[in-house]
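Let me begin by presenting the structure, written as structure tokens, before commenting on it.
The values are calculated or read from the model by the stated rules, or taken from the named source; none is laboratory data. What you see is a predicted model, and the numbers here were worked out from it, not measured in a lab. Quick reminder, even Gly has a Cβ in these numbers, built from the backbone with ideal geometry, and neighbours come from all protein chains shown. Accessible surface areas use protein heavy atoms only, side chains included; no ligands, DNA or RNA. Shrake-Rupley method; radii C 1.70, N 1.55, O 1.52, S 1.80 Å.
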Amino acid sequence: VGEREQKTTFVFAHDTRHFSKDFADFCAKVCADHGCDAYVFDGPRSTPELSFAIRQLRADSGVVITASHNPSHDCGFKAYFNDGAQIVEPHATAIIHEVNSVISERYEPLPLAQQGTIKTLGADFDEVYITLLKTLLLQPELLKTTSTKIVFTNLHGTGGHINVPMLRELGFEVLTVPEQD
């Protein structure tokens, strides 16, 4: 394998919880300040789209800032490896080892010329994801023969960003629960 043609790259997604967007933006800035490239979604996105983005962009890692199953005021840091899956052994132990080896608490960005970039992922990237999702339909012709009503009750709005418009485009009548959007 030849030398890497890109800098170490990370993708950051977030949900709708308190300050999750701020934390995602901050993490991307820390990466860029230390010579890595980062992608950040322009709004809340679901974990499956982050997983797709890591693989699609050939990123080294990704993170979803989310409270997940915790109370909304507890933002968590769900880390993913370059295969789009959550971190497992042996990587989990290696990461903890690296964290525990940090000896400085000072934040010192690299000189500007050595810093990475931050790019925003938005509607254009969503379209790439949606196009792939549509290829996964096993029998799309069945969708044309009936009108089906769906109540979509996503958690905290992240799934609705992609799923509701796509389901409507596929011909479903989609109702949502506004309190859950």
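Key figures
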{"quantity": "Selection count where residues are at pLDDT below 95, open to solvent by 100 Å² or more (accessible area, probe 1.4 Å) and within 25 Å of the chain's Cα centre (by Cα), scope the stretch 90-126", "calculated": "1"}
{"quantity": "Within the stretch 123-181, tally of residues that are of a type in the set (G, A, S) and within 22 Å of A53 (Cβ to Cβ)", "calculated": "4"}
{"quantity": "Whichever residue in the stretch 127-162 is out of contact with any Asp or Glu (no Cβ under 9 Å at 6 or more places or on another chain) and in contact (Cβ under 8 Å) with a residue 40 or more places away in the chain and, among such residues, is surrounded by the most Cβ atoms within 10 Å (Cβ to Cβ)", "calculated": "G159"}
{"quantity": "Criterion violated by G2 - all others in (1) assigned to a loop (DSSP other than H, G, I, E, B); (2) of a type outside the set (V, I, T); (3) modelled with pLDDT of 95 or more satisfied", "calculated": "(3)"}
{"quantity": "Boolean, I65 is touching a strand residue (DSSP E or B) at 6+ places or on another chain (Cβ under 6 Å), among the hydrophobic types (A, V, I, L, M, F, W, C) and free of Cβ contacts under 8 Å to residues at least 60 places away in the same chain", "calculated": "yes"}
{"quantity": "Enumeration of residues in the stretch 33-60 that are touching a residue at least 40 places away in the same chain (Cβ under 8 Å), buried (at least 20 other Cβ atoms within 10 Å of the Cβ), out of contact with any helix residue (DSSP H, G or I) (no Cβ under 6 Å at 6 or more places or on another chain) and in a helix (DSSP H, G or I)", "calculated": "A53, I54"}
{"quantity": "Residue check for A24: among the small types (G, A, S), within 20 Å of the chain's Cα centre (by Cα) and loosely packed, with under 13 Cβ neighbours inside 10 Å", "calculated": "no"}
